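No lab work stands behind these numbers, since they all come straight from the coordinates. Given the structure is predicted, the values throughout are model-derived calculations rather than measurements. Positions of Cβ are generated from backbone atoms using ideal geometry, with glycine treated the same way; all protein chains shown enter the neighbour counts.
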Amino acid sequence: MSIQKPTLPKGTRDFGPIQMAKRNYILETIKSTFRLFGYQQLETPSMENLSVLTGKYGDEGDQLLFKVLNSGDFLKKVKGEDLEKGAANVLPKVAEKGLRYDLTVPFARYVVMNRNELTFPFKRFQIQPVWRADRPQRGRYREFYQCDADVVGTDSLICEAEILLMIRRVFAELKLEDYDIKINNRKILTGISEVIGEPGKEGELCVAIDKLDKIGWEKVQEELTQRGFTEDAVKKLEPIIDLSGSNDEKLAFLKGFLSESEEGLKGVAELEEVLKILAEFGEGQEHVDFDVVLARGLSYYTGAIFEVKVNNVSIGSVSGGGRYDNLTGVFGLEGVSGVGFSFGVDRIYDVLEELNLFPEDQTQSTNVMIGYFDEEGRNYGLKILNGLRSAGLSAEIYPDYAKVKKQFNYADKKQVPYVVMIGSEEIAQNKVTLKNLKTGEQEMHSLEEVIGMVKAS
RNA sequence: GUGGUUGUAGCUCAGCUGGUUAGAGCGCUGGUUUGUGGCACCAGAGGUCGUCGGUUCGAACCCGAUCUUCCACCCCA
């Protein structure tokens, strides 16, 4: 029998100890921020029934769902005629479960199933992996983590303002300074499409405008024409594309531009209110940038839209979100509005790595390692080990009888800062030798002294 | 889903127009040093050249398929 090399499925990764330390640094920052703002943690199963997942992400989304083959004889419901009709006909008979595609739909399902137990407004955060059968690329994986925070059951714009505050807090903690929180409002986009004489086409409008950064205004015009926008409409759009100035200046302009659109003015008013609430918090508009052409998640967002971009790095977009009316409508619970956003941990990881912003000592796990020469030393070491741990120091003993060189090598590789060495002399004096691996200094001390010294370092 | 790209030692990569026994650096193991890691020196182990098939007297090298990697598009975090 030939030995086969193990491999990972496409688009998945292992996280080793070093990576986990760094990931936890990011995740702890995010979690503590969510908790600080009153959000409670939720977890849902990796698998959902396909009836919950399908139809929520569009045709393209359905294709990207990982389906789980039924257990046992998964073919028992399939008939010959089903096979002839094609995959779409066979699928529901061989798979009834799928891996979750995002955290929002499972959350909506949870809210509907627990509507009578929940106290609204309900603020929840959720940090779990999601799966997409996408083609992997840099910063795009088939298994990746989302960190969502949503509040449902309120229309209050305080929530929007708090999202801005949470993003700023997380980024400040992570020492990320050069970034912009782009903010816009779906209603403004709707208003613009009305005003330029193409009502109801804001979706297409935004898909095209969204590429502005990438392909430029010229190409966007081409695409708009291709999508059936009139020349007149494209021309009317021009002042929007050129819009610049402070948030307040842009809003002032839009009030005039959108004066014919009730919906558009409502969007402007909402945005103004969010900024006003921010001011009531005693906070400024640092990093907050009203971006009229920001368009994302248009199929579900109905109010505010957020996106966070880190400047001068290869992967810019690290967070996003928005307000949606009627999150739970598809599951039969009407009128539950919510607003939420999500941090992309994997991308934040890459950004921090690129900017070299991870703290130095993230990987250090053990404070002290105990080494020894013989059985007597080992047994004495076990007592010392227990003492160190009781004092709250992370400690370990080298488990095998081995050359001192090997023991020290192990400590060095693991970046353990201190080694306690035990030989006959130490036992006789009821002390231990403490060696600082960074400086190379070593001296005999009592256990209590060692505890004090290591803790002080 | 469309188009392109990559695969040689644990890692990063050499390897000529197809020609004997496939190399380097780092890492690993052992030694110089049986109460001491990093540094230095010495020695050693480790490869079905992604996989399967084809062309050829002969394939890491040419051809096909497949998997994988990365990139662009679509879309998205």
How large is the translational diffusion coefficient of chain A in µm² per second when you combine the Kirkwood radius over alpha carbon pairs with Stokes-Einstein at 25 °C and 0.890 mPa s?
93 µm²/s
Exposure proxy ranking, count of Cβ atoms within 10 Å, fewest first, for A:372, A:398:
A:398, A:372
Expected sort for A:400, A:232 with the fewest Cβ neighbours (10 Å cutoff) up front is A:400, A:232
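Hey, which of these cross-link pairs are over 20 Å Cα-Cα: A:182/A:211; A:175/A:438; A:182/A:214; A:22/A:413? All intermediate terms of the calculation are to be shown ahead of the outcome.
Values: A:182/A:211 15 Å; A:175/A:438 28 Å; A:182/A:214 16 Å; A:22/A:413 18 Å.
Correct reply: A:175/A:438.
Sequence gap at least 6, Cα distance under 8 Å: using those rules, report the relative contact order of chain A to the nearest whole percent.
Details: 706 pairs, mean separation 66.3, N = 457.
Across chain A, relative contact order equals 15 percent.
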Taking just the C-alpha trace of the range A:81-219, give me its Rg and Dmax in Å.
20.4, 60
Note on the range A:364-456, DSSP bridge orientation, antiparallel percent to nearest 5 equals 50 percent
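State, as an integer percentage, the relative contact order of the range A:179-310 based on alpha-carbon contacts under 8 Å between residues 6 or more apart. List each step's numbers first, then the result.
Values: 166 pairs, mean separation 70.3, N = 132.
53 percent.
Within a Cβ distance under 10 Å of residue A:142, other residues only, what is the Lys/Arg minus Asp/Glu net charge?
+3
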When the dipole is taken about the Cα centre of the range A:364-456, and only Lys, Arg (+1) and Asp, Glu (-1) are charged at their Cβ, what size is it in debye, to the nearest 20?
380 debye
Binned at 5 Å starting from 0, the alpha-carbon pair-distance distribution of the range A:218-308 in whole percents comes out as 2, 11, 19, 23, 21, 15, 5, 3, 2, 0
Explain nothing, just the number: relative contact order of the range A:361-429, from Cα pairs under 8 Å at least 6 residues apart, as a whole percent.
49 percent
Could you work out the helix-only [θ] at 222 nm for chain A, with each DSSP H run of four or more residues adding -39,500 (n - 2.57) and the total divided by the number of residues, to the nearest 500 deg cm²/dmol?
-13000 deg cm²/dmol
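Which semi-axis lengths, in whole Å and largest first, follow from the square roots of five times the eigenvalues of the Cα gyration tensor of the range A:277-351?
On the way: eigenvalues 131, 65, 27 Å².
Over the Cα atoms of the range A:277-351, the ellipsoid semi-axes are 26, 18, 12 Å.
Loop only per DSSP, at most 14 neighbouring Cβ atoms within 10 Å: give me the GluC sites (Glu not before Pro) in the range A:162-244, ordered by residue number. Provide the component values of the computation, followed by the final result.
Working: sites: A:162, A:173, A:177, A:194, A:202, A:204, A:218, A:222, A:223, A:231; in loops: A:177.
Of the GluC sites (Glu not before Pro), the ones in loops of the range A:162-244 whose Cβ has at most 14 other Cβ atoms within 10 Å are A:177.
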Starting from 0.36 nm per residue, how many nanometres of slack lie between residue A:444 and residue A:225 once their C-alpha separation is accounted for?
70.6 nm
Net charge (Lys, Arg +1; Asp, Glu -1) of residues whose beta-carbon lies under 12 Å from that of residue A:385, residue A:385 excluded, is +2
Binning every alpha carbon pair distance of the range A:364-456 at 10 Å from zero, what are the percents per bin?
18, 58, 24, 0
